Amino acid sequence: MRDTADPLTSTARASAARARDRAHVWHTWSPIDADRTELMVVRGEGHRVWDVDGREYLDAGSLNSTCGYRHPEVVAALTAQLDRLHHFDLATATHDRAGLLAERLAGHLPAGMAKTLFVNSGSEGVEAAMIMAACWSSYRGENRTRVVSLARGYQGATMVSRSLSALPRNQNPLSPPLPVTMVDLPCATEDVRRPAALAPLLAAFDRAVNDHPDGPPLAVVVEPFLNVGGGVVLPEGFLRGVRELCDASGALLVLDEVFTAYGRSGRMFACVREDVAPDILVSGKGLGGGYVPIGAVSARARVHDEFRNDPVVGGLRYGHTTSGHALGVTAALACLDVLEKDRLVERADELGGRMLRRLAALSDLDGVLDVRGLGLILVVQTPSAEHAAAVLARGRRAGVLLRQQGDAVMVVPPLTVDDEAATEITDATLSLIRAELA
C-alpha cells in the first residue's frame, strides 16, 4: 500500500532526501559504503511505518518500540509537557516529572531498589553502573577493579561499556579502562537455552569469579537475554546461580536490561522470571518507547547509601546536562501508563508464546538451527549471517521489517501489535525463511 498523505512521497522530494542523506549523514554501525537510504522512513502509525516513497511496512524489527508509533496518549503527554517545561538540569535543581518516574519504577523493581539515576541511553547507563560499582568498592576500602562479563554480551558503545564485550564489531580501539574477565558460552548458541548448558555455564562463571590471581571482582555484568550476541536465550536458573556467586564473593550483580525491560521479555523486568534482585539494574530502549531518548540506572539502598563516603561531593560524580530530560521522563511515564492500562506486559508473554509455537514449525526445515524466544522476542537461527541478511532483504521487499543479529533472524514488533498483524508477521516470517532455505 502507498501512503499519499505525506508530502515527501513525490519522486523529486524522495530523490533529494536520499541525496542529502548520502552526502552528509554518517550512519551508526554501518559499512562506510552501505546505502541506508534504501529504506528512508518518514511516518509511523501503530505497528506500521511508511517510507519516503510512500510504501507501507509492518515493523517487526524495532528494538525500543513498546507503544508503537504515534500513540495518541504518548503524543498528547509530550505535547503538554513541551508547552510547560522542556527540561531543567537535575545537577542544580529538579523538576516534578523526575520524582514521579523514579517512584513509578520503584513500584515495579525488585524490593529495595528505590533509587534511580536517569541517563540518555543504555550505553551511558552501563558506564554509570561501572563507575558506581568501582566507587562503591573504593568507599568500602576494598579497591577491587576487575569485572566479569559474558564474552558474547553487549553492554553498549561507550569507552567502558564496549570494553565488557568480545564481540568483534564492538572491540575497543583504545586501551581498556579496567580489567575484564570474559566468560565464553560452553556450547553452540542454539544449545545454550537447554538445561544441560546451565551447569557448565555457571562453572565457568565460578572460575571467573573465584579462581583469579587478582581476587574476586567488583561486579558481574550480564544480560538476561543476549540480543546483539545472537538472540541467545540463557538457561533457566542462570540468573539465580550468578546471584549466588555474587553473594558469596561480595561482588555486585549488575543486570543489563536495556533491551529486555518494560515488557519485551514478557515481564516488566526479565529478572522477575527467576525472582532475582540485582544490586544495579540498567534499563533503556523501551522505557521511553523510542519517543525521546532515556535510560535508567536503579540501585539497591546499600549501593546508593555508600556514596555518602565520597570525599569530594559526598555523592555520585556522574551525569549529563540532559540526564532525566523532562521530555524523556514524560515519554517514559506515558509509556508506563499504556503498558499498565492495556496490560501489554502480560500480552507480550501470551502473544509471544503463540507466535513462537507457530514459528516452531520451522524447526523441521533443513538449515534452521533453532527456533527460540522470550516474551515478544522471537528468534530463528539460520546457517549463516548471509542467510539471515537475505531473509531480511526478502522481508523488506515484501513489506515486513525484521531484525538481524549475526545468523539469527529476530522478530520484535511493538508491544501494541494487534492479533491480525501478529499473524501477518508470523506468516510472513515462515514464508520468508522457507523461501530462503528451500
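Spin-label pair ALA398-THR11: with each label point 7 Å from Cα along the Cα-Cβ axis, the two points sit 2.9 nm from one another.
A cut-off of 5 Å between modelled amide H atoms, ignoring neighbours fewer than 5 places along the same chain, links GLY61 with VAL412.
Between beta-carbons, use under 12 Å as the cut-off and find the net charge around GLY241, counting Lys and Arg +1, Asp and Glu -1. After counting each charged neighbour, the total is -3.
Expressed as a whole percent, the proportion of Cα-Cα pairs in region 209-260 lying more than 13 Å apart is 61%. Projected onto planes of every orientation and averaged, the convex hull of the alpha-carbon atoms in region 298-438 covers 12.4 nm². Once the Cβ-Cβ distance of ILE131 and THR321 is raised to the sixth power relative to R0 = 25 Å, the FRET efficiency obtained is 0.90. Count charges around ASN64 for me, please; just the other residues with Cβ under 10 Å from its Cβ, Lys/Arg as +1, Asp/Glu as -1. Once all neighbours under 10 Å are counted, the net charge is +2. Take VAL312, project a point 7 Å from its Cα along the Cβ direction, then tell me which residues of region 136-165 have their backbone nitrogen under 15 Å from it. Residues 136, 138-139 qualify, since their backbone N sits under 15 Å from the label point. Given R0 = 60 Å, the distance between the Cβ atoms of MET159 and ASP364 translates into a calculated FRET efficiency of 0.85. Within the listed set PRO383, PRO31, PRO173, the residue fluctuating most in the Gaussian network model of the chain (springs between alpha-carbon atoms under 10 angstrom) is PRO31.
Residues whose amide H falls under 5 Å from that of GLY289, counting only those 5 or more places apart or on a different chain, are THR66, with hydrogens built in the peptide plane. The GNM of the chain, with springs linking C-alpha atoms under 10 angstrom apart, assigns the highest mean-square fluctuation among GLU257, GLU223, GLU350 to GLU350.
When the chain is treated as a GNM with alpha-carbon contacts under 10 Å, the residue of LEU78, LEU415, LEU281 showing the greatest mean-square fluctuation is LEU78.
Note on region 109-266: semi-axes of the ellipsoid equivalent to its C-alpha gyration tensor, largest first and rounded to whole Å, are 22, 19, 17.
By the Kirkwood approach, averaging reciprocal distances over each pair of separate Cα atoms, region 48-93 gets a hydrodynamic radius of 13.5 Å. Taking 0.36 nm per residue of separation and subtracting the current Cα-Cα distance, fully stretching the chain between ASP337 and ALA114 would add 78.3 nm.
Net length available on complete extension from ASN143 to ALA438 is 100.5 nm, with 0.36 nm assigned per residue and the Cα-Cα distance removed.
Sequentially through region 209-218, phi angles give Karplus couplings (6.51, -1.76, 1.60; θ = phi - 60°) of 7, 9, 10, 9, x, 8, x, x, x, 7 Hz, Gly and Pro residues having no value and appearing as x. Amide H contacts for LYS115 (H built 1.01 Å from N in the peptide plane; partners 5 or more residues away or on another chain; cut-off under 5 Å): ALA299.
Taken one residue at a time, the phi angles of region 261-272 give Karplus couplings (6.51, -1.76, 1.60, θ = phi - 60°) of 6, 6, x, 4, 8, x, 9, 4, 10, 4, 5, 5 Hz. Gly and Pro are set to x. Expressed to the nearest 5 percent, the antiparallel share of DSSP beta bridges inside the chain is 65 percent.
Per residue, the convex hull spanned by the Cα atoms of region 317-387 measures out at 162 cubic angstrom. Ranked by the mean number of other Cβ atoms within 10 Å per residue, highest first, peptides 368-380, 390-402, 259-271 order as 259-271, 368-380, 390-402. Note that region 252-258 has calculated 3J(HN,Hα) couplings of 7, 9, 10, 9, 8, 10, 4 Hz, one per residue in order, obtained from phi through the Karplus relation 6.51 cos²θ - 1.76 cosθ + 1.60 (θ = phi - 60°); glycine and proline are x. Using alpha carbons only, the radius of gyration of region 66-183 set against its Kirkwood radius gives Rg/Rh = 1.05. Each Cα pair of the chain feeds into the Kirkwood radius, which the Stokes-Einstein equation turns, at 37 °C and 0.692 mPa s, into a diffusion coefficient of 145 µm²/s. Counting Lys and Arg as +1 and Asp and Glu as -1 over every other residue whose Cβ lies under 15 Å from the Cβ of ARG358, the net charge comes to -2.
Orientation-averaged projection of region 211-347 equals 10.6 nm² [convex hull of Cα atoms, one quarter of hull surface area]. Between ARG354 and ASP247, the FRET efficiency estimated from the beta carbon spacing at R0 = 35 angstrom works out to 0.40.
From its DSSP helices (H runs of at least four residues, each -39,500 (n - 2.57)), the chain gives a residue-normalised ellipticity at 222 nm of -11000 deg cm²/dmol.
Remark: the ALA91-ASP305 segment gains 75.2 nm on full extension, using 0.36 nm per residue and subtracting the alpha carbon distance. When only Cα pairs below 8 angstrom with a gap of at least 6 residues are kept, the chain shows a relative contact order of 20 percent. Put the Cα centre of region 301-377 next to the Cα centre of region 155-176 and the gap is 22 Å.
Throughout, read-outs are computed from the coordinates displayed, never taken from laboratory work. These numbers were taken from a predicted model, which means no experiment stands behind them. Note that we place each Cβ from the backbone using ideal geometry, even for glycine, and neighbour counts take in every protein chain shown.
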